[in-house]
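Undergrad: One structure is given below, represented as structure tokens, and several questions about it will come after.
The values are calculated or read from the model by the stated rules, or taken from the named source; none is laboratory data. Since this is a predicted model, take the numbers as computed values, not measurements. Here the Cβ is made from the backbone with ideal geometry for all residues, glycine too, and neighbour counts use every protein chain on show. Remember, those area values only see protein heavy atoms, side chains included, never the ligands or the DNA or RNA. Shrake-Rupley method; radii C 1.70, N 1.55, O 1.52, S 1.80 Å.
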Amino acid sequence: MLDPVIEFFERIFHAIGRGVGMLISLILWPFVTVAAWYRQRGFMLKVIVGGIVFVFVGLYGYFFWQTQVWTGFDPDYPSKYEAIASTPGTKGADGTCAPSAMVAMTADLIDFNVNENAWISSMLLYKAGLFGVDWSHTPFFDNKAAFQRGVNQAIRRTTVEFVDTLGRVRGTSQVDGDLQDARGAMQFDEYTWYLSWPFLPKTPTPSFYRTAIDDLQSFNDRLGRCEAIYDARTDNLVQFLDRIASDVGSTSAILRDRSENYNGGWFDTRADDRFWFSYGQLYGYYGILKATREDFRDVIAQRNLAQLWDDMDAQLSAALKIQPLIISNGNESGWIMPTHLATMGFYVLRFRSNLVEIRGTLDR
């Protein structure tokens, strides 16, 4: 009685097995063909081809390692920084001035991106993609690159504020040379390798970002000697918070668009880079805003912003605890596949509302 049912399922499983076997054969066919060709070649050609294959295997091994190992990654990293004793630029009894926590934090985040870790986005194999397909269009090996670009977005926004407002008096004094150089270096293209079309030598992206570290540290050194300006005024803080709110508002729109229009669950291959870019952006702003609290301690104390700032820190800390192994962009009303993009979008909007609330209090 059950024989027809059993035979039906046997045929299904046999068909699946044949399909899997054909797929594996299709994948292995180029390698088998090349191996057969290689065995028939002469000694010198084997050495040359073998050397080329060895180099590519080494490059891919290095690339895979760098994309999977996140050195120095710590969602609670701001807690490791010691508080600065006074407002930046304020002269103490010993005749020296306090450096800026924001400048130091920004330099450390750049160091985290390009020195503690390899800058993935400008690596040759990242640019080459997977058989010509951009890595961001695949579910593989692009999470770290997206995260780094998110952190870099926060860094870029902050270096612009250093030049436009914080490193000069009311926007009328001369622009600080070190801060201007740092901003220029951080605006450099994120994807440049050592060669550019048509195969001309080029300074790669990480080299520009490393010069920004030196420029920021140089500024902080001069600030510590009371030879530079750091204007920690209320209106400068308001403008900085406005710019951050605008920045994360754009990210929220990107998350919403992807979540609403491309909800393919675990099969949305672009969901992971959207998620990790947003995560990196919040990661960067978490440390920068912790440092901002140190630099603007007098303003925050005068306006009684401590509780509001604590709430914002708590929102950022909660967002950074979301670290799913596989990013899913499921339907918000679905029950099988989660919707990580909507969850991250929620925290981005909560963070933005915290910024707006603090800004409103400063305006009153």
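Undergrad: Take the residues of region 245-266 that are part of a helix (DSSP H, G or I) and touching a strand residue (DSSP E or B) at 6+ places or on another chain (Cβ under 8 Å): which is surrounded by the fewest Cβ atoms within 10 Å (Cβ to Cβ)? Spell out the reasoning first.
TA: Residues of region 245-266 part of a helix (DSSP H, G or I): 245-261.
Narrowing further to those that are touching a strand residue (DSSP E or B) at 6+ places or on another chain (Cβ under 8 Å): 258-259.
Working: 258: 21, 259: 23.
Only one residue fits best here, namely 258.
Undergrad: Same structure, new question: List every residue pair whose Cβ atoms lie under 9 Å apart, where the two residues are 6 or more positions apart in sequence or sit on different chains, the first residue falls within region 72-92 and is farther than 15 Å from residue 220 by Cβ, and the second residue, located anywhere, is among the basic types (Lys, Arg) and assigned to a loop (DSSP other than H, G, I, E, B).
TA: Hits for this filter: 75/321.
Undergrad: Give the residue that is nearest to residue 124 (Cα to Cα), with candidates limited to residues of region 172-217 that are of a type in the set (Gly, Ala, Ser) and at pLDDT 95 or above. Break it down into steps so the answer makes sense when it comes.
TA: Within region 172-217, the subset of a type in the set (Gly, Ala, Ser) is 173, 177, 182, 184-185, 196, 207, 212.
Next cut, at pLDDT 95 or above only: 182, 184-185, 207, 212.
Values: 182: 25, 184: 24, 185: 21, 207: 15, 212: 23 Å.
The qualifying residue nearest to residue 124 (Cα to Cα) is 207.
Undergrad: Quick check, is residue 237 closer than 16 Å to residue 348 by Cβ, assigned to a helix (DSSP H, G or I) and open to solvent by less than 60 Å² (accessible area, probe 1.4 Å)? Give the derivation first.
TA: Numbers: closer than 16 Å to residue 348 by Cβ: no; assigned to a helix (DSSP H, G or I): yes; open to solvent by less than 60 Å² (accessible area, probe 1.4 Å): yes.
No.
Undergrad: Going by what's in this entry, would residue 269 be described as surrounded by 14 or more Cβ atoms within 10 Å (Cβ to Cβ), under 27 Å from residue 120 (Cβ atoms) and touching a His at 6+ places or on another chain (Cβ under 7 Å)?
TA: Yes.
Undergrad: I would also like to ask the following. Restricting to region 157-196, count the residues that are open to solvent by 40 Å² or more (accessible area, probe 1.4 Å), under 22 Å from residue 282 (Cα atoms) and not in a loop (DSSP other than H, G, I, E, B).
TA: Number of matching residues: 2.
Undergrad: Right, something else. Specify the residue that is most open to solvent (accessible area, probe 1.4 Å); the eligible residues are those in region 52-70 that are in contact (Cβ under 8 Å) with a residue 60 or more places away in the chain and assigned to a helix (DSSP H, G or I). Full working, then the answer.
TA: The first filter runs over region 52-70 and keeps only residues in contact (Cβ under 8 Å) with a residue 60 or more places away in the chain, leaving 59-60, 63-64, 66-68, 70.
In the following step, the residues that additionally are assigned to a helix (DSSP H, G or I) were identified as 59-60, 63-64, 66-68.
Details: 59: 75, 60: 74, 63: 1, 64: 78, 66: 33, 67: 7, 68: 111 Å².
Going through the qualifying residues, I end up with 68.
Undergrad: Working only within region 197-226, note down all residues that are within 19 Å of residue 151 (Cβ to Cβ), in contact with a helix residue (DSSP H, G or I) (Cβ under 7 Å, 6 or more places away or on another chain) and open to solvent by less than 50 Å² (accessible area, probe 1.4 Å).
TA: 204, 205, 206, 209, 212, 213, 215, 216 - these are the residues of region 197-226 that are within 19 Å of residue 151 (Cβ to Cβ), in contact with a helix residue (DSSP H, G or I) (Cβ under 7 Å, 6 or more places away or on another chain) and open to solvent by less than 50 Å² (accessible area, probe 1.4 Å).
Residues checked against (1) of a type outside the set (Val, Ile, Thr); (2) within 21 Å of residue 233 (Cβ to Cβ); (3) at pLDDT below 95; (4) not in a helix (DSSP H, G or I):
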{"site": "282", "(1), (2), (3), (4)": "yes, no, no, no"}
{"site": "292", "(1), (2), (3), (4)": "no, yes, no, no"}
{"site": "301", "(1), (2), (3), (4)": "yes, yes, yes, no"}
{"site": "309", "(1), (2), (3), (4)": "yes, yes, no, no"}
{"site": "324", "(1), (2), (3), (4)": "yes, no, yes, yes"}
{"site": "358", "(1), (2), (3), (4)": "no, yes, no, no"}
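Undergrad: Okay, moving on. Quick check on residue 321: is it in contact (Cβ under 8 Å) with a residue 12 or more places away in the chain and exposed (fewer than 14 other Cβ atoms within 10 Å of the Cβ)?
TA: On the way: in contact (Cβ under 8 Å) with a residue 12 or more places away in the chain: yes; exposed (fewer than 14 other Cβ atoms within 10 Å of the Cβ): yes.
Against the criterion (in contact (Cβ under 8 Å) with a residue 12 or more places away in the chain and exposed (fewer than 14 other Cβ atoms within 10 Å of the Cβ)), residue 321 qualifies.
Listed here are the residues, each with its yes/no results for (1) in a helix (DSSP H, G or I); (2) open to solvent by less than 70 Å² (accessible area, probe 1.4 Å); (3) at pLDDT 80 or above.
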| residue | (1), (2), (3) |
| --- | --- |
| 26 | yes, no, no |
| 29 | yes, no, no |
| 32 | yes, no, no |
| 37 | yes, no, no |
| 50 | yes, yes, no |
| 72 | no, yes, yes |
| 75 | no, yes, yes |
| 84 | no, yes, no |
| 87 | no, yes, yes |
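Undergrad: Starting from region 281-297, take each residue that is within 11 Å of residue 155 (Cβ to Cβ) and list its partners that are assigned to a helix (DSSP H, G or I) and of a type in the set (Ser, Thr, Tyr), counting only C-beta distances under 8 angstrom and pairs at least six apart or across chains.
TA: Final answer for the pair search is 281/251; 287/77; 288/106; 288/158.
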